[in-house]
1. Leaving out ligands, DNA and RNA but keeping every protein chain, what accessible area does HIS3 have, in Å² rounded to the nearest 10, with a 1.4 Å probe?
2. Rg/Rh for the chain: what does it come to with C-alpha atoms and Rh from Kirkwood?
3. For the range 70-75, just list the computed ³J(HN,Hα) in residue order, Karplus coefficients 6.51, -1.76 and 1.60, θ = phi - 60°, integers in Hz, with x standing in for Gly and Pro.
4. What length, rounded to one decimal in nm, is gained on full extension from GLU13 through to ILE33, with 0.36 nm per residue of separation minus their alpha-carbon distance?
5. Provide the solvent-accessible area of TRP105, counting protein heavy atoms only and rolling a 1.4 Å probe, rounded to the nearest 10 Å².
6. I'd like the Karplus ³J(HN,Hα) series for the range 98-115: coefficients 6.51, -1.76, 1.60, θ = phi - 60°, whole numbers in Hz, and an x wherever there's a Gly or Pro.
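The values are calculated or read from the model by the stated rules, or taken from the named source; none is laboratory data. Being a predicted model, the structure only gives us computed values, none of them experimental. Remember, those area values only see protein heavy atoms, side chains included, never the ligands or the DNA or RNA. Shrake-Rupley method; radii C 1.70, N 1.55, O 1.52, S 1.80 Å.
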Amino acid sequence: QVHLVESGGGLVEPGGSLRLSCQASGSISSIDIMSWYRQVPGKQREVLAQWRLGVDHTNQDLNTMKGRFTFSADIAKKTAYLQMNNLTIEDTGVYYCKADPGDHWGQGAQVTVSS
């Protein structure tokens, strides 16, 4: 069993930044893919970035959301990160970490962008 815990969410003003963390525990050796998703109000949950084990065993940065978000993973710390910059009100939502195979989800981290 894989257990995921997200942290780092909160309230931020437009243009601000947040860094989300996803700490994995349990049967982490079974993880092949780690992903970040988000669900904004009124929309379906969408994938932001995925990191596939085996492509790069060291920290790997993926830029998404027009370069505003960066996904990285620290293998030694068993943690994935989502650095979010230049946040807008439209980024408000719940952000989830996911590990596969097994469809393991974290509890979600609320991100609220508001002035």
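1. Probe radius 1.4 Å; accessible area of HIS3 about 110 Å².
2. Ratio of gyration radius to Kirkwood radius for the chain: 0.96.
3. After applying 6.51 cos²θ - 1.76 cosθ + 1.60, I find 10, 9, 9, 9, 10, 4 Hz.
4. Once the chain is fully extended between GLU13 and ILE33, it gains 4.0 nm.
5. That residue has around 90 Å² of solvent-accessible surface.
6. Once θ is set to phi - 60°, the couplings for the range 98-115 become 9, 10, 9, x, x, 6, 8, 10, x, 7, x, 10, 7, 10, 10, 10, 7, 8 Hz.
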